[in-house]
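Engineer: Below are the structure tokens for one structure; questions will follow.
The values are calculated or read from the model by the stated rules, or taken from the named source; none is laboratory data. Note that the structure is predicted; figures quoted are calculated from it, not measured. No Cβ is skipped: glycine too gets one built from the backbone with ideal geometry, and neighbour counts run over all protein chains shown.
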């Protein structure tokens, strides 16, 4: 088993997976085509039952598939002998929603588990465990037991254990789903830090678009076992195409709240006699100008920001503003044309 030079971390072509049960056959995955490059933090997003966990089990060889091909570091999973597959799995770390820690072993004992059959002596194992616990900022918890830890600390132990054999790829299967928002943020920050310092490729399985937004550079959206959309995270968030992706993206933004304000005839969005209510969205990475103040000066109009929701994704601003523009009609229309020419998505909501 040898790694092919310059091969992607994971390359999947026309993959199909069928489950055969007493009730009949069920297609879990169909026409999956996916390339995860080395160094990606790749999100696989979908609702429960979409096939996310089945896909990740195919990647680490725990699940066989019926058609297509799946290469990990240039090695075809379906062609590997059992011993070769075990060797490949050692290069793939895995963390889960439920942590999967052994309650009868200490934190250090849990992290040591993957090292027990590697030929390392006790002293070398203890040294490696100490390094890993330092890496996940739990050096002081080595002799504690899992039931003495918070959820976030348990996941840090699970991450340390997943890194024990120095994997190239880390699979995260809903690893933050059981955690509160602040703990989720800290775990994702840790994964980002490990990605940067260790050169890991990370595959993030999740149903939370906020997780994708915070950590991933690319994403594929699964719906009933097929990929309905994939690409760079910024592009998908800026311009989602599939209805499912659009609904996912909407959960991470407050910009749609303006629809409720319109329905309630809220005075917050009163456009006055000549005004126009706009939703402005960043849809390009090229935008860095102070556009609202610029159009106020250049076109002699008043721009009242009702509310905004702007985040930084992949190093660029993403999101938008809800704005009321007041002034002469021709000046407002000229300002709107100016914004459109600056790659700002414009939606006129009321006038």
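Engineer: Take the conditions under 23 Å from the mean Cα position of the chain (by Cα) and surrounded by fewer than 16 Cβ atoms within 10 Å (Cβ to Cβ) and apply them to residue 167. Does it pass?
Structural biologist: Criteria not met by residue 167.
Engineer: Here is a further query. Among the listed residues 37, 63, which satisfies the condition of being at pLDDT 95 or above and over 27 Å from residue 251 (Cα atoms)?
Structural biologist: Every option except 37 fails the conditions.
Engineer: Further question on the same structure: Looking at (1) at pLDDT 90 or above; (2) farther than 30 Å from residue 207 by Cα; (3) in a loop (DSSP other than H, G, I, E, B), which is the one condition that is false for residue 118?
Structural biologist: (1)
Engineer: Free of Cβ contacts under 8 Å to residues at least 40 places away in the same chain, within 21 Å of the chain's Cα centre (by Cα) and under 24 Å from residue 187 (Cα atoms): does that describe residue 89?
Structural biologist: No; evaluated as a whole, the condition is false for this residue.
Engineer: Return the only residue of 346, 305, 310 being out of contact with any helix residue (DSSP H, G or I) (no Cβ under 9 Å at 6 or more places or on another chain) and under 26 Å from residue 264 (Cα atoms).
Structural biologist: Matching residue, one of 346, 305, 310: 310.
Engineer: May I pose another question? In this structure, does residue 262 turn out to be surrounded by fewer than 16 Cβ atoms within 10 Å (Cβ to Cβ) and within 22 Å of residue 216 (Cα to Cα)?
Structural biologist: Criteria not met by residue 262.
Engineer: Another question about this same structure. Of the residues 220, 238, which is under 30 Å from residue 331 (Cβ atoms) and either under 18 Å from the mean Cα position of the chain (by Cα) or buried (at least 19 other Cβ atoms within 10 Å of the Cβ) (or both)?
Structural biologist: 238
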